[in-house]
């Protein structure tokens, strides 16, 4: 009897001992194996670096809630949960999550809370849902809030390019979850990082005086207005991670151009927003005005780097609207929005970390860009015009009266004109084999260097517009006339992050997850077959294995009895 009892207990002892051993090992050894083809549950090294710096527990509020959400939104919900769990596995501190519905707040505080969400770019969206009682709409907030004991930040997680199908938008949003969540965490653990110089002294930044950039990048970068004429040597710009030139109205001197050139040669990142022509829109009434070529002094520098801002303007049939005075109603002047092909709503994006998944970016009076030969420089176009564009060489007539005429589609025969270029690689100095400006020593001169240059043929793409009622500047990308928010703000944020740290968390935006939809025809044709297989196959397999095991046991015990 004792031998029989020991024989029966032995496997159970081994089973519970093995389980206990695995539990103990799990307390000391942590590992994950990602068996998915696309490494869906793996993180970019830069994301792992951010998570390694987490020193306090974090909590994520998922705002995407609602009754009877469609399948796509539920898939996005599940993906958010999976991403947070993956982050928690890599983080030294706990990262927890819960669902929170902004509409559950009391009426008195609800409006204030919803307005606070817009600071993070989280705007409510009306979602139509098919229910038994018919088509119903509900308000959803496709975003997340990340907080620790002291601070809170947020991010919009439902993003896509114009023209994408709902499935493509959802898939792209899932692809970008790692970046959105890691970027929010980075803001909490390191609120400010690199310094940015906004050059002044040549009429830059126009009427908003840099408010658009400051509002968009505050909290992530330190921004400084820098008068370039006061710089004495290239080292004066060296500690800036980025230098912005925004729509200068006056020409740069030879000495200032040399400083910019050597800044790039020493590994700097230069962003040039340059108008090819000068437009005085205040004189566009009546017979209109002529937009004349503008000489900034930077043309030779950019040409050496491999790009040219042309003296022209692009018109596009994917246009915005400009309000003009349409007469009086009583004693009040009426503003009438009219189509303005000089205002381009660009929605064609390159699949690049800066622009992937961006919605429409608004350009106002943008000049075309051409590339030229520059050895060692890689030129990447980032944003394009639509399939219906045209180029008007300077001098260009700009008149409000032209809005009264319907555009002739036949004249807009150009497509996909590049509006933004990213230049990377080894640049050659403009001053190679040339005399240096007075006051600079040849010993300190660098004739080659690796840097990055971004060129945009519109000096106002990062300038904020003003509120029509009180004249206060709006957030970058907000249009006071159409009540539309363009992606200019997000474009600037992605651009600054990439230039400051191209291998950082911004690189995770290149992740691609393949959409694998079910074949609806096969679903209908093979529905009964697969239902039968799924129901009967497990039962048959269990019966077969049970029979085999029973036969083996019967045969074994019968031998022992003999």
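What follows is calculated from the coordinates using simple rules that are stated; it is not laboratory data. Bear in mind the structure is a predicted one, so any value in this text is a computation, not a measurement. No Cβ is skipped: glycine too gets one built from the backbone with ideal geometry, and neighbour counts run over all protein chains shown.
With each label point set 7 Å from Cα along the Cα-Cβ vector, what nm distance links residue 510 and residue 59?
It is 3.8 nm.
When you have a sec, figure out the Kirkwood radius of the chain from all distinct Cα pair distances and drop it here in Å to one decimal?
27.8
If R0 is 22 Å, what FRET efficiency do you get for residue 189 and residue 98 from their C-beta distance, rounded to 0.05? Working shown, then result.
Values: r = 21 Å, r/R0 = 0.95.
Approximately 0.60, to the nearest 0.05.
Need one number: nm distance between label points at residue 251 and residue 483, each 7 Å from Cα along Cα→Cβ, rounded to one decimal.
4.8
Nearest 500 deg cm²/dmol is fine: what mean residue ellipticity at 222 nm does the chain get from its DSSP H runs of n ≥ 4 alone, each adding -39,500 (n - 2.57), divided by its residue count?
Result for the chain: -10000 deg cm²/dmol, rounded to the nearest 500.
Give me 373, 265 sorted ascending by neighbouring Cβ count inside 10 Å, so fewest comes first.
Ranking 373, 265 by Cβ neighbours within 10 Å, fewest first, gives 373, 265.
By how many nm would the segment from residue 224 to residue 406 lengthen if fully extended, with 0.36 nm per residue of separation less the alpha-carbon distance? Intermediate values should be presented prior to the final figure.
On the way: separation 182, 0.36 × 182 = 65.52 nm, distance 4.47 nm.
Going from the current span to full extension adds 61.0 nm.
Any number yet on Rg/Rh for the stretch 195-510, C-alpha, Kirkwood?
So for the stretch 195-510, dividing Rg by the Kirkwood Rh gives 0.97.
With a point put 7 Å past each Cα toward its Cβ, work out how far residue 147 is from residue 548 in nm, to one decimal.
If labels sit at residue 147 and residue 548, their model points lie 5.7 nm apart.
Peptides 118-125, 268-275: what's the order by average Cβ count within 10 Å, highest mean first?
Going from most to least packed, we get 268-275, 118-125.
For residue 534 and residue 558, calculate 0.36 nm times their separation in residues minus their Cα-Cα distance, and state this gained length in nm to one decimal.
Working: separation 24, 0.36 × 24 = 8.64 nm, distance 3.67 nm.
Extra length from residue 534 to residue 558 when fully extended: 5.0 nm.
Would you order 340, 530 from fewest to most other beta-carbon atoms within 10 Å of each residue's own beta-carbon? Don't skip to the answer; put the middle values down first.
On the way: 340 22, 530 11.
Ordered from fewest to most neighbouring Cβ atoms within 10 Å, 340, 530 come out as 530, 340.
Compute the convex hull volume of the Cα atoms of the stretch 160-273, divide it by the residue count, and report the result per residue in Å³ as a whole number. Show your work: numbers first, answer last.
Details: hull volume 16.6 nm³, N = 114.
So the per-residue Cα hull volume is 145 Å³.
Taking the mean number of other Cβ atoms within 10 Å as a proxy for protection, how do you rank 539-548, 254-263, 108-117 from highest to lowest?
Order by mean packing, descending: 254-263, 108-117, 539-548.
Calculated FRET efficiency, residue 233 and residue 522, Cβ-Cβ r, R0 56 Å, to nearest 0.05?
According to the calculation, E is roughly 0.20.
Once the principal axes of the Cα atoms of the stretch 409-558 are found, what is the range along each, listed largest first in whole angstroms?
Taking max minus min along each principal axis of the Cα atoms, the stretch 409-558 gives 106, 54, 41 Å.
Just need the Rg to Rh number for the stretch 68-126, please, alpha carbons only, Kirkwood Rh. Intermediate values should be presented prior to the final figure.
On the way: Rg = 14.5 Å, Rh = 13.8 Å.
Checking Rg against Rh, the ratio lands at 1.05.
Give me the orientation-averaged projected area of the Cα convex hull of the stretch 256-309, in nm², one decimal.
On the way: hull surface 18.0 nm².
Quarter of the Cα hull surface area: 4.5 nm².
Rounded to the nearest angstrom and ordered from largest down, what semi-axes does the equivalent ellipsoid of the stretch 32-189 get from its C-alpha gyration tensor (root of 5λ)? If you can, show how the numbers build up before the last one.
Details: eigenvalues 143, 86, 34 Å².
Gyration-tensor ellipsoid for the stretch 32-189: 27, 21, 13 Å.
For a quick check: sort 402, 359, 444 by the number of other beta carbons within 10 angstrom, fewest at the front.
Values: 402 17, 359 20, 444 11.
Taking fewest neighbouring Cβ atoms as first place, the list is 444, 402, 359.
For residue 20 and residue 107, what does the FRET efficiency come to when R0 = 45 Å and r is the distance between their Cβ atoms, rounded to the nearest 0.05?
Numbers: r = 54 Å, r/R0 = 1.21.
Approximately 0.25, to the nearest 0.05.
Tilt of helix 254-265 relative to the longest C-alpha principal axis of the chain, in degrees (0 to 90, nearest 10)?
Its long axis makes an angle of about 10 degrees.
Write down the Kirkwood hydrodynamic radius of the stretch 222-352, to one decimal in angstroms, obtained as one divided by the mean of 1/r over all alpha carbon pairs. Present the calculation step by step, with values, prior to reporting the outcome.
Details: mean 1/r = 0.0553 Å⁻¹.
Result for the stretch 222-352 stands at 18.1 Å.
Can you work out the PRE-style zone for residue 351? Point 7 Å along Cα to Cβ, and I want the residues of the stretch 383-401 with backbone N under 19 Å.
383-385
If you fit an axis through the alpha-carbon atoms of helix 166-175 and take the longest principal axis of the Cα set of the chain, what angle between them do you get, 0 to 90°, nearest 10?
80
As I understand it, the value is the acute angle between the Cα axis of helix 2-28 and the longest principal axis of the Cα atoms of the chain; what does it come to in degrees, rounded to 10?
10
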